[in-house]
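Trainee: Please find one structure pasted underneath; my questions will follow.
The values are calculated or read from the model by the stated rules, or taken from the named source; none is laboratory data. Quick caveat: nothing in here was measured; it's all calculated off a predicted structure. Don't worry about glycine lacking a Cβ; one is built from the backbone with ideal geometry, like all the others, and counts go over all protein chains shown.
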Amino acid sequence: MPRVALGLAYDGEPWQGWQTQPGGLTVQDALEAALAQFLAHATPTICAGRTDTGVHALCQVVHVDTEAQRSSESWVRGLNALLPDSIAVQWARQVDDDFHARFSALSRTYVYVLRQARIRSPFTHGRAGWSFRPLELQRMRQAAERLIGEHDFSAFRSSQCQAASPVRTLYSLDIEQCDGSFIFTFRANAFLHHMVRNLMGALIYIGQGKHAPGWIDVLLEQGDRRLSAPTFSPAGLYLANVEYPERFGLPIFDLQDLMATHHLPVVRNC
């Protein structure tokens, strides 16, 4: 049966995360309802990574299996006509049968947009995190360096996490300042449940001067979630990119171009 890969962008604020739940208030539920109308039959979906309630996506990758023959443009236009305004298919490609949205992925990239200001803004509500306390960029960068590589990330793992192992490889963690915003970019082979939001909580504590950058070493060594900072808000978190082997022929985007397309702050424009 032919397999089709879809690239989705969505505003996660109205949704209870990606994964289907009773009540139908998830991104997966909305997408599968649109697919059932578009294809005239029920079609299960597999995604690259499940996002939580309130978390957004610039490029979530999903695959479906169907006998229906449609052009790439038809997939995009047809599904978008059936999806709510907060979800939009960005591209569609037919892929080989051995493509798997989750297991074929080489890496995932998340971006967190954080606004630092004395007073909160109603215009960034749900789109960016907020810190009213000043943040020191260099302290956060020093802490970020300690997180790079393969580690047991138990101290940054939700108690509800179902992953078989807490070990993940963080390939990069870049932090840039753009006027009143900080942009955190996390790239890893995979992420644990709430891992990015828990890392954000620790980095912000360090940026605010509550702990030294070396606190990260203690958290990694102890592996105790109770010792770290609270889980930070989902508001500014975006699943930004999923990387696959070139042989699958999926679109490749420059991350800053992708952010600019969706009107997020980008460092090069500051």
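Trainee: Quick test for you: out of Val267, Val218, pick the one residue that is free of Cβ contacts under 8 Å to residues at least 40 places away in the same chain and more than 13 Å from Thr109 (Cβ to Cβ). Before you say what the answer is, go through the steps one by one.
Mentor: On the way: Val267 fails: free of Cβ contacts under 8 Å to residues at least 40 places away in the same chain.
None of the other options fit; the residue is Val218.
Trainee: Please enumerate the residues belonging to the stretch 71-86 that are without any contact (Cβ under 8 Å) to a residue 24 or more places away in the chain and either in contact with a helix residue (DSSP H, G or I) (Cβ under 8 Å, 6 or more places away or on another chain) or among the basic types (Lys, Arg) (or both).
Mentor: Once the filter is applied, which keeps residues that are without any contact (Cβ under 8 Å) to a residue 24 or more places away in the chain and either in contact with a helix residue (DSSP H, G or I) (Cβ under 8 Å, 6 or more places away or on another chain) or among the basic types (Lys, Arg) (or both), the stretch 71-86 yields only Arg77.
Trainee: If only one of Ile183, Ile206, Ile216 is over 22 Å from Ala48 (Cα atoms), under 16 Å from the mean Cα position of the chain (by Cα) and not assigned by TED's automatic domain parsing to the domain that holds Val55, which one is it? Full working, then the answer.
Mentor: Working: Ile206 fails: under 16 Å from the mean Cα position of the chain (by Cα); Ile216 fails: under 16 Å from the mean Cα position of the chain (by Cα).
Within the list Ile183, Ile206, Ile216, the selection yields Ile183.
Trainee: Further question on the same structure: Specify which of the listed residues (Leu58, Leu31) is assigned to a strand (DSSP E or B), at pLDDT 95 or above and in contact with a strand residue (DSSP E or B) (Cβ under 9 Å, 6 or more places away or on another chain).
Mentor: Exactly one of Leu58, Leu31 is assigned to a strand (DSSP E or B), at pLDDT 95 or above and in contact with a strand residue (DSSP E or B) (Cβ under 9 Å, 6 or more places away or on another chain), namely Leu58.
Trainee: Can you run down the residue pairs with Cβ atoms below 8 Å, 6 or more apart or on separate chains, where the first is in the stretch 164-178 and part of a loop (DSSP other than H, G, I, E, B) and the partner is among the aliphatic types (A, V, I, L, M)?
Mentor: Pairs found: Pro166/Leu192.
Trainee: Ok, one more. Within the stretch 115-144, restricting attention to residues that are touching a residue at least 40 places away in the same chain (Cβ under 8 Å) and in a helix (DSSP H, G or I), which residue is surrounded by the most Cβ atoms within 10 Å (Cβ to Cβ)?
Mentor: Only one residue fits best here, namely Ala143.
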